[in-house]
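Every number in this text was worked out from the coordinates using simple rules, so none of it is lab data. Note that the structure is predicted; figures quoted are calculated from it, not measured. Cβ sites come from the backbone with ideal geometry, for glycine too, and all protein chains shown count toward neighbours.
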Amino acid sequence: MCNLYAMTSSQQAIWEAARVMIDRTGNLRPLPEIWPNTMAPIVRNVPDGRELVMARWGMPTPPGYLKGHRVDRGVTNIRNPTSTWWKRWEDVAHRCLVPLTAFSEPERLPDGTSRPVWFARSDGEPLAFFAGIWCQWTSVRKLADGETTDDLFGFLTTSANQEVGALHPKAMPVILIRPEELELWMKAPLEEALQLQRPLPDNALTMVNASAGGNY
């Protein structure tokens with residue numbers, strides 16, 4: 001599953017694409033490697049419009065999976081939004097758009113190791129969005145920090161298209177590209193919004209070179 005992605009697009013591009021009204025991220029620097037349990041930008045609905053903020057990647061783990069663990073590192077990818085655990089965060093107030101310029105899937109090598117393979121839009125446009133959900137949650141994310149209250153996010157996954165399926169046959173992130181898709185995810189009733197939980201068409205993605213320093 002996707003546990004590494006990049007966001008190197010400009011703040012202005014995010015504002016324009018996602019119709020951001022309020023920006024609380026300050027001077028948003030390029031993020032060529034975003035890992036689980038680290039901070040990244042999301043766009044969420046607030047009473048005054050749409051807000052760009054930083055949040056921690058990884059939604060709360062269902063309690064049954066935390067037995068015997070002191071730290072909750074979070075759930076990054078959400079495959080089953082019909083689960084009662086996720087339903088509480090699927091209303092419009094808890095949906096978000098997660099900007100990205102590329103995402104990575106691991107390729108298993110013959111010697112048993114793996115390497116990241118990066119995917120970006122094949123049409124040359126840099127920016128896309130994961131269909132995400134967010135919440136505010138109190139837990140121990142890092143043992144050294146103790147209990148903290150954080151804004152957390154994760155994003156939906158679905159079956160893989162041709163490009164991703166060559167490496168990861170089971171799943172890929174739900175990626176939104178068209179303006180009407182962004183609006184549907186952020187505004188529509190849940191049943192209608194979940195129709196977006198589908199793979200990108202074949203040939204909509206291309207492999208890119210990660211050695212380019214995040215300039216995808």
Can you tell me how much longer the chain between residue 80 and residue 195 gets when fully stretched, taken as 0.36 nm per residue apart minus their C-alpha distance, in nm with one decimal?
40.1 nm
Amide H neighbours of residue 157 under 5 Å, at least 5 residues apart or on other chains, H built in the peptide plane: list them.
78, 79, 174
Extension length gain for residue 87 and residue 143 (0.36 nm per residue less Cα distance), in nm, is 17.3 nm
Residue-wise HN-Hα coupling along region 155-170, computed from phi with Karplus coefficients 6.51, -1.76, 1.60 (Hz; x: Gly, Pro)
9, 6, 10, 8, 5, 7, 7, 4, 5, 5, x, 5, 10, 9, x, 7
Any residue on another chain or 5+ positions along whose placed amide H is under 5 Å from the amide H of residue 74 is listed here as 61
Can you classify the chain as rounded, prolate or oblate using the Cα gyration tensor, where a ≥ b ≥ c are the square roots of its eigenvalues, rounded means a/c under 1.5, and otherwise it's prolate if a/b beats b/c and oblate if not?
rounded
Return the percentage of antiparallel bridges among DSSP beta bridges fully within region 5-212, rounded to the nearest 5 %.
90
Just to verify a number: FRET efficiency for residue 188 and residue 109, C-beta to C-beta distance, R0 = 35 Å, to 0.05?
0.25
Can you list the residues, at least 5 places off or on another chain, whose amide H is less than 5 Å from the amide H of residue 107, using H built in the peptide plane?
115, 117
At R0 = 25 Å, how high is the FRET efficiency between residue 3 and residue 151 if r is their beta carbon distance? Nearest 0.05 is fine.
0.80
